[in-house]
Amino acid sequence: MPANHLPVILVTANDASQEPVFALNNAYMNTLWQAGGAPLVACPGLPAVPMIEAMLERVDGVVLSGGSDIHPRFFDEEPLEGIGKVSPIRDTFEIELARLALARGLPLLGICRGAQVLNVAFGGNLHHDLAVQHRTPPLCHRQTAARKHEWHRVKVEPGSRLADLFAHEIRDGCLWVNSIHHQAIDRVAPGWMVTATAADGIIEAIEQPGYPFALGVQSHPEELAAHRPLFHALVKAASDRKAGVVDQRFSPSQRRRLRLPVG
Ligand code: MN
């Protein structure tokens, strides 16, 4: 494929607020390359909207990567015991990025922390720590196997985008995923749909109905060969948008529902 036809996918990195480096697991980049996308790393910084808009102007899709916890102030709560490392700079950057990406109609995939960012950006909240906050004994969501191994099952909502993408992997309504998290989505953001849950009721995936590609998964699909369809679908959506095949922009009523700027 000629270089100028390759869709460019922006991938967020961990920020430098606690360590003097930006960091990103290479699995994200390798998986995107293999899926036919050209990955570009976005390093979180001061939340200047014009800077984020300049980045989004030049890309065809966005991946919000995994990482540390989100400060509960972004969903109007104070931190509870059990919360882990937090970077308010990265939180602010990614929440703004998610909202502006959707406002532009860019295909968007949130992975692990990225799924939580999507939920918080559109008005949902999180469990600060599953062991402390979840009432019933939860499954073990911090796997003791390497990241490339599946760990627990999730029940996938029939008819969802996720069910469609994993039609060949789903058995008895369930899909095996890996699990490297201790926070999770609690109350789902208005206008978003839960498309996978673990056996303990923990939300494992959300998607935006009526939008060609906006979804978040609590697992790490970039580490699992069987989960490549997610990246192929993201790259396809980015290619279609780039080629003008699909207009992904929301209608004015959808924009009002998501509290995005109208017009
Ligand atoms: Mn899990």
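Structural remarks
- Charge dipole (the chain, unit charges on Cβ, about Cα centre) - positive-most of P209, H182, Q133: P209
- Segment 74-111 and segment 126-167 have their alpha-carbon centroids 20 Å apart.
- Counting only protein heavy atoms and a probe of 1.4 Å, the accessible surface of segment 113-226 is 53% carbon and sulfur.
- DSSP bridge pairs, the chain: antiparallel proportion in percent, nearest 5: 55
- Taken per residue, the accessible surface of segment 111-176 reaches 53 Å², heavy atoms only and a 1.4 Å probe.
- Prolate/oblate/rounded label for the chain (Cα gyration tensor, a/c 1.5): rounded
- Charge dipole of segment 1-155 (Cα centre as origin; +1 on each Lys and Arg Cβ, -1 on each Asp and Glu Cβ, all else neutral): 560 debye, rounded to the nearest 20.
- Rounded to the nearest 500, the helix-only mean residue ellipticity at 222 nm of the chain stands at -8000 deg cm²/dmol, with each DSSP H run of n ≥ 4 adding -39,500 (n - 2.57).
- Farthest towards the positive end of the charge dipole of segment 105-203, among the residues A199, A163, A146, is the Cα of A146, using unit charges on the Cβ of Lys, Arg, Asp and Glu.
- Accessible area per residue, Å², segment 10-85 with all protein chains present, probe 1.4 Å: 51
The values are calculated or read from the model by the stated rules, or taken from the named source; none is laboratory data. Since we're looking at a predicted model, the values are computed, not measured. Backbone-built Cβ (ideal geometry, glycine too); neighbour counts: all protein chains shown. Surface areas here come from the heavy atoms of the whole protein model, side chains and all, with no ligands, DNA or RNA. Shrake-Rupley method; radii C 1.70, N 1.55, O 1.52, S 1.80 Å.
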